[in-house]
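The values are calculated or read from the model by the stated rules, or taken from the named source; none is laboratory data. Just so we're clear, the structure is a prediction, and the values are computed from it rather than from any experiment. Virtual Cβ from ideal backbone geometry, glycine too; neighbours counted across all protein chains shown.
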Amino acid sequence: MSLYASLSTLPPDALLGLMTAYREDKRAEKFDLGVGVYKDEAGNTPILSAVKKAEARLIAAQDTKVYEGPRGNVDFCTHVEDFVFGAGAPARTEGRTLSFTAPGGCGALFAGTSLMRRMGTKKVWVSKPTWPNHPNVVRSLGLVVGEYRYADPETGTADRAAMIADLSQAAPGDGVIIQGPCHNPTGIDLTLEDWRALGAFARERGLAVMLDVAYHGFAGGLADDMAGVQAFLAEAGEGMVAYSCSKNFGLYRERAGCFMALGEAPEGIAAATTHVADIGRATWSMPPAHGAGIVATILGDKALRAEWETELTSMRERMISLRKALADALVERTGSNRLASLTTQNGMFSQLPITPEGAKKLREELGLYMPASGRINIAGLNMGDIPRVAEILATAL
């Protein structure tokens with residue numbers, strides 16, 4: 001009998017399959033609103049100029065390819081902690097934080113979920129809807145997935161009352177993943193008061209919460225986007241953070257991520273540090289260096305950082321303008337003001353009220369590619385295509 005006879009074939013990843021189908025589609029008119037990467041007006045995903053300069057500088061100065069150690073690039077970790085906890089935060093000087101370079105935001109999520117399991121967590125709650133890889137990571141580690149309601153589709157706003165009602169069923173020690181700014185797939189974000197209330201709730205209930213920050217700077221700017229995360233941590237007292245540099249630095253293939261944790265006592269963080277190091281050792285052994293080195297070079301140089309922030313602002317403002325143009329076009333096409341709520345959402349994604357059957361019809365008959373969930377990538381649009389895209393979408397709304 002074959003060694004692999006006991007294995008059954010898994011269904012293909014839906015989004016990866018969508019990407020392949022789009023590439024193989026020979027129609028002259030086709031639109032890709034599925035793949036989750038930022039695109040410029042020409043449809044390209046550019047390398048930021050600050051990244052090119054930092055990379056050239058990094059390569060010129062590099063004299064070895066030796067491992068950087070279990071924590072990875074320490075300067076990178078320090079800069080990301082500056083974003084998340086704040087420069088000079090008392091918790092950092094008191095030894096109540098930790099940070100590790102990870103292979104992308106997903107690597108950071110894996111490290112955090114693995115740490116939850118070692119702390120005794122049996123179930124991890126994710127928002128409904130959420131990024132499909134959240135439950136995938138949880139299940140891959142043998143943990144149970146729970147779901148909490150997140151947004152009210154009628155108002156287009158986060159539903160804190162429903163979140164807390166569902167999470168009230170969580171047992172002490174259960175894990176929870178809460179997305180930071182620019183929720184994927186809805187684009188609907190929590191208010192500052194929501195963050196404070198959830199932080200207090202997590203502390204009261206003894207929940208192990210990990211905040212997933214994958215689109216920092218895409219909502220209201222670097223400081224504004226982190227205000228809710230910091231408010232949550234201030235109320236909760238403890239928590240974990242998975243941070244990704246894929247989108248805001250355009251470092252998709254470099255896999256630059258950071259896992260962080262905040263504790264109430266330095267002794268707990270010291271113990272957690274040994275476990276995170278052990279988790280990393282057993283999975284990726286040593287973290288990748290190149291992407292983290294690029295980010296550290298940019299954030300450690302005043303001119304490069306200013307250049308990067310200008311580019312980040314340009315990306316954010318372009319997405320905001322695309323949102324408004326699409327919302328206006330859809331309202332005009334459908335006669336429904338409900339879709340005007342697109343302009344109140346943030347980041348790359350929004351979720352339209354389109355059924356899986358409707359999404360399939362749009363793809364097969366009209367060449368518009370989007371996941372069955374109705375999630376669209378706003379950053380995959382360009383101004384010239386919006387009238388036609390709105391016309392096509394309106395047939396399914």
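Determine which member of the set 100, 83 is on the phi < 0 side of the Ramachandran plot, assigned by TED's automatic domain parsing to the domain that holds residue 233, in a helix (DSSP H, G or I) and at pLDDT 95 or above.
Exactly one residue qualifies, and that residue is 83.
Considering each residue of the stretch 18-39, count those that are free of Cβ contacts under 8 Å to residues at least 24 places away in the same chain and either closer than 22 Å to residue 250 by Cα or outside the structural domain of residue 325 (by TED's automatic domain parsing) (or both), and give that number.
Count: 3.
Name the residues in the stretch 134-147 that are in a strand (DSSP E or B) and in contact (Cβ under 8 Å) with a residue 24 or more places away in the chain, would you?
If the condition is that a residue be in a strand (DSSP E or B) and in contact (Cβ under 8 Å) with a residue 24 or more places away in the chain, then 146 is the only one that fits.
Do we have residue 310 as surrounded by 15 or more Cβ atoms within 10 Å (Cβ to Cβ), on the phi < 0 side of the Ramachandran plot and of a type in the set (S, T, N, Q) here? Spell out the reasoning first.
Working: surrounded by 15 or more Cβ atoms within 10 Å (Cβ to Cβ): no; on the phi < 0 side of the Ramachandran plot: yes; of a type in the set (S, T, N, Q): yes.
Judged against the criteria, residue 310 is not a match.
Does at least one position in the stretch 199-208 carry a residue that is surrounded by 17 or more Cβ atoms within 10 Å (Cβ to Cβ) and either under 19 Å from the mean Cα position of the chain (by Cα) or free of Cβ contacts under 8 Å to residues at least 12 places away in the same chain (or both)?
Yes: the stretch 199-208 contains one or more residues that are surrounded by 17 or more Cβ atoms within 10 Å (Cβ to Cβ) and either under 19 Å from the mean Cα position of the chain (by Cα) or free of Cβ contacts under 8 Å to residues at least 12 places away in the same chain (or both).
Residue 157 fails exactly one of the following numbered conditions: (1) out of contact with any strand residue (DSSP E or B) (no Cβ under 6 Å at 6 or more places or on another chain); (2) without any contact (Cβ under 8 Å) to a residue 40 or more places away in the chain; (3) surrounded by fewer than 23 Cβ atoms within 10 Å (Cβ to Cβ). What is the number of that condition?
For residue 157, the exception is condition (2).
Identify, from the list 42, 50, the residue that is under 24 Å from residue 318 (Cα atoms) and in a helix (DSSP H, G or I). Show your work before the answer.
Values: 42 fails: in a helix (DSSP H, G or I).
50 is the lone residue from the list that is under 24 Å from residue 318 (Cα atoms) and in a helix (DSSP H, G or I).
When only residues in the stretch 79-100 that are touching a strand residue (DSSP E or B) at 6+ places or on another chain (Cβ under 7 Å) and aliphatic (A, V, I, L, M) count, which is nearest to residue 260 (Cα to Cα)? Don't jump to the end; show me each part of the working.
In the first step, residues of the stretch 79-100 are kept if they are touching a strand residue (DSSP E or B) at 6+ places or on another chain (Cβ under 7 Å); the result is 80-81, 84-85, 91, 96-100.
With aliphatic (A, V, I, L, M) added as a condition, the list becomes 80, 84, 91, 98.
Working: 80: 9, 84: 9, 91: 12, 98: 5 Å.
Here the residue is 98.
Looking at (1) outside any loop (DSSP other than H, G, I, E, B); (2) of a type in the set (Ser, Thr, Tyr); (3) over 30 Å from residue 363 (Cα atoms), which one does residue 64 not meet, given that it meets all the others?
Status for residue 64: all satisfied but (1).
Restricting to the stretch 160-171, what's the tally of residues that are in contact with a strand residue (DSSP E or B) (Cβ under 8 Å, 6 or more places away or on another chain) and outside any loop (DSSP other than H, G, I, E, B)?
Counting residues in the stretch 160-171 that are in contact with a strand residue (DSSP E or B) (Cβ under 8 Å, 6 or more places away or on another chain) and outside any loop (DSSP other than H, G, I, E, B) gives 5.
Only one of 309, 365, 317, 357 is in a helix (DSSP H, G or I), closer than 15 Å to residue 182 by Cβ and outside the structural domain of residue 251 (by TED's automatic domain parsing). Can you tell me which?
Criteria check complete, one pass: 317.
Checking residue 56 against (1) of a type outside the set (D, E, K, R); (2) assigned to a loop (DSSP other than H, G, I, E, B); (3) not assigned by TED's automatic domain parsing to the domain that holds residue 241: exactly one of these is not met. Which one?
Just one mismatch for residue 56, condition (2).
Keeping to the stretch 325-341, report how many residues are modelled with pLDDT under 90 and touching a helix residue (DSSP H, G or I) at 6+ places or on another chain (Cβ under 7 Å).
Qualifying residue count for the region: 3.
May I ask you to list the residues in the stretch 281-304 that are of a type outside the set (Ser, Thr, Tyr) and free of Cβ contacts under 8 Å to residues at least 12 places away in the same chain?
282, 302, 303
Out of curiosity, is residue 139 farther than 28 Å from residue 338 by Cα and more than 15 Å from the chain's Cα centre (by Cα)? If you could, list the steps in order and put the result at the bottom.
Numbers: farther than 28 Å from residue 338 by Cα: yes; more than 15 Å from the chain's Cα centre (by Cα): yes.
When the stated conditions are applied, residue 139 passes them.
Between 40, 63, which is at pLDDT below 95, of a type outside the set (Ser, Thr, Tyr), surrounded by fewer than 19 Cβ atoms within 10 Å (Cβ to Cβ) and touching a Pro at 6+ places or on another chain (Cβ under 9 Å)?
One residue alone meets the criteria, 40.
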